[in-house]
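J.: Let me give you the structure first, and then I'll get to my questions.
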Amino acid sequence: MKIVDASVLVCGPGRNYVTVRIETDEGVTGLGDATLNGRELSVAAYLSEHVLPTLIGGDPQRIEDTWQQLYRGAYWRRGPVTMAAIAAVDLALWDIKAKVAGLPLYQLLGGASRDRVRTYGHAAGRDLPELFDSVRARQAEGYQAIRIQSGIPGLQRVYSIAQTENTPGMPVVEDWDTAAYLRHIPGVFEAVRNEFGPELPLLHDVHHRLTPQQSARLAKSLEPYDLFWLEDCTPAEDQSALRLVRQHSTIPLAIGEVFNTVFDYQTLITERLIDFVRSPVTHFGGVTAVKKLLDFAALYQIRSGLHGPADISPVGMAAAVHLGLAVHNFGIQEYSGYPAQAAEVFHPGYTFTDGHLRPSEAPGLGVTLDEQAMAAHPYRRDYLPYNRLLDGTLHDW
Ligand code: CS2
Ligand code: MG
């Protein structure tokens, strides 16, 4: 079996997605997700200029060897662009291998360790009534675990709360004030617990905005509300930052959605500074790399909580669901759904019921693409927002 074609498909059904399609001489096709939010075309160019031409004529069954060649052979290692590109190829090759075997991907990863994959959804509101409505809406959709994000008094534009109009093609600038945030958030969790009871698993994402000292204070103040996890409290590239948080709190910690390799986790895992790894299957070198990460984490009783917002395409999400069904140390899967137009392009195969995902039983990842529909949704340049403090200083994500 040989690879005869490999291409990059870029589309924008409600938001931008980059997909890799690898074709073999035996007519088996594999799909991979190469989406890197706000930097989409850099991965597309990395693939089409530097990676995909080297695959033609190669053996699609040699997944590990292809991974090593793309990682070690390029000289330039790591980084989100490189690792998103490697992930996309890796996913497409696993898709092909599982289709050739006639099995859903999870069967090649050891088979099912559970019946279904628990997810968490996103609730957010500018104030408590809006937030409570949002929690109820997620519960009505079936979610049994919910991430809570809230507006902050005095701040007009807070990430994932109020949609702000931006100059088309330019990033939105949002507001941040750490002192106001630290004052407000514990009361939000107290109110949510009082309203929804002690059993609903609650999560919270800090988006890397605090110092270790501020994070330790927040973690202590949230302890009475029994969070499932506190996510990304400190800037992720500083692994030692979580030592201080750990010394002061038993709150479960999750981090890693911006990590690209296991080396970003080395201190965090071996010193047991976290409880959940957050990397997506995409951006981290694919199923091959995340499976190894999870096996390493399992030695330290650390579980998965893979990144799964709408900027992980349904192709990447399908891979995460197969992996989540298979690995023993599964924790929870983020799943926030997709813009309605995405369903015209991606037919993901997996199903979502009662807050749980189940992979397709079709061979491979189980995802199919409608390329005609794709043509109706072209790419449009778009950015993530960023933050400034009230005096104009640029702040951490
Ligand atoms: C967030 C993401 O899902 C999460 O936990 O942190 O929404 C993140 O902001 C985006 O994926 C950035 O692309
Ligand atoms: Mg996050």
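J.: For a test of the definition: using alpha carbon positions, the gyration tensor, and the 1.5 limit on a/c, classify segment 3-104 as rounded, prolate or oblate.
T.: oblate
J.: Per residue Cα convex hull volume for the chain, in cubic angstrom?
T.: Here the figure is 134 Å³ per residue.
J.: Please count, across the chain, the pairs of lysine residues with Cα atoms under 23 Å apart that sit 8 or more places apart or on different chains.
T.: Numbers: 2/97; 2/99; 97/291; 97/292; 99/291; 99/292.
Taking the chain as the scope, the lysine pair count is 6.
J.: Shape call for segment 49-176 from the C-alpha gyration tensor, a ≥ b ≥ c root eigenvalues: rounded (a/c under 1.5), prolate (a/b greater than b/c) or oblate?
T.: oblate
J.: As a test of the formula, what do you get for the chain when each DSSP H run with n ≥ 4 contributes -39,500 (n - 2.57) and the sum is divided by the residue count, at 222 nm and rounded to the nearest 500 deg cm²/dmol?
T.: The helix contribution divided over the chain gives -10000 deg cm²/dmol.
J.: Can you give me the relative contact order of segment 3-104 as a percent, contacts being Cα pairs under 8 Å and 6 or more apart?
T.: Relative contact order comes out at 33 percent.
J.: What shape does segment 231-321 take by its C-alpha gyration tensor, where a ≥ b ≥ c are the square roots of the eigenvalues and a/c under 1.5 counts as rounded, a/b above b/c as prolate, and the rest as oblate?
T.: In terms of gyration-tensor shape, prolate.
J.: Let me ask you something else. Per the 1.4 Å probe, what fraction of the accessible area of the chain, in percent, lies on carbon and sulfur atoms?
T.: Here it works out to 50 percent.
J.: For the chain, set up a GNM with springs between Cα atoms under 10 Å and report which of 57, 197, 12 has the largest fluctuation.
T.: Highest fluctuation among the options: 197.
J.: Going by amide H atoms built from the backbone, whose H comes under 5 Å of the H on residue 15, apart from near neighbours?
T.: Amide H neighbours of residue 15, under 5 Å, 5+ apart: none.
J.: Under the definition of Cα pairs under 8 Å and six or more residues apart, what whole-number percent is the relative contact order of the chain?
T.: Numbers: 877 pairs, mean separation 90.1, N = 397.
Worked out over the chain, it gives 23 percent.
J.: So which GluC sites (Glu not before Pro) in segment 113-201 end up in coil per DSSP with only 14 or fewer other C-beta atoms within 10 Å?
T.: Working: sites: 130, 141, 165, 174, 190, 195, 199; in loops: 165, 199.
Loop-located and lightly packed - 165, 199.
J.: Express the accessible area of the chain per residue in Å², computed with a 1.4 Å probe while the remaining protein chains stay in the model.
T.: Accessible area per residue: 41 Å².
The values are calculated or read from the model by the stated rules, or taken from the named source; none is laboratory data. Everything numeric here is computed off the predicted structure, so don't read it as measured data. Counting neighbours? That spans all protein chains shown, and the Cβs are built from the backbone with ideal geometry, glycine included. We work out accessible area using only protein heavy atoms, side chains counted, and drop any ligands, DNA or RNA first. Shrake-Rupley method; radii C 1.70, N 1.55, O 1.52, S 1.80 Å.
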